[in-house]
Amino acid sequence: MSRFYLNIKKQAGIDMMIHVLKRDGRFEYVKPEELSRRLVQHEVLSFERNDGICVVDKDPLRSVLQAAYSGPERRICSGSTSLL
């Protein structure tokens, strides 16, 4: 499958695939949920983002192992529609 075809699929939002470089030196295209699993298992060296290449041990990543928030709910509005 050509890179051009995959870029078209990304833009159309159909089966978004992410280009990754694995620790064994091979390149693959994976779905976002597969990338998360592979990051947890330390199988990925780098992957392509919209803004460029992300190097796993160098660039900031969102934590895929983040625990659920257990504090008080702070997003509930008090009934007022004003932001000030």
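The values are calculated or read from the model by the stated rules, or taken from the named source; none is laboratory data. If you're wondering where the values come from, they're calculated on a predicted model, not measured in any experiment. No Cβ is skipped: glycine too gets one built from the backbone with ideal geometry, and neighbour counts run over all protein chains shown.
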Report summary line: When Ser36 is run through (1) surrounded by fewer than 12 Cβ atoms within 10 Å (Cβ to Cβ); (2) of a type in the set (Gly, Ala, Ser); (3) modelled with pLDDT under 90, the failure sits at (1)
Query raised in the report: Of all residues in segment 52-62, which are surrounded by fewer than 16 Cβ atoms within 10 Å (Cβ to Cβ) and either within 13 Å of His19 (Cα to Cα) or aliphatic (A, V, I, L, M) (or both)?
Result: Gly52, Ile53, Val55, Leu61
Requested in this report: Can you give me the number of residues within segment 39-51 that are more than 11 Å from the chain's Cα centre (by Cα) and at pLDDT 90 or above?
Outcome: 6
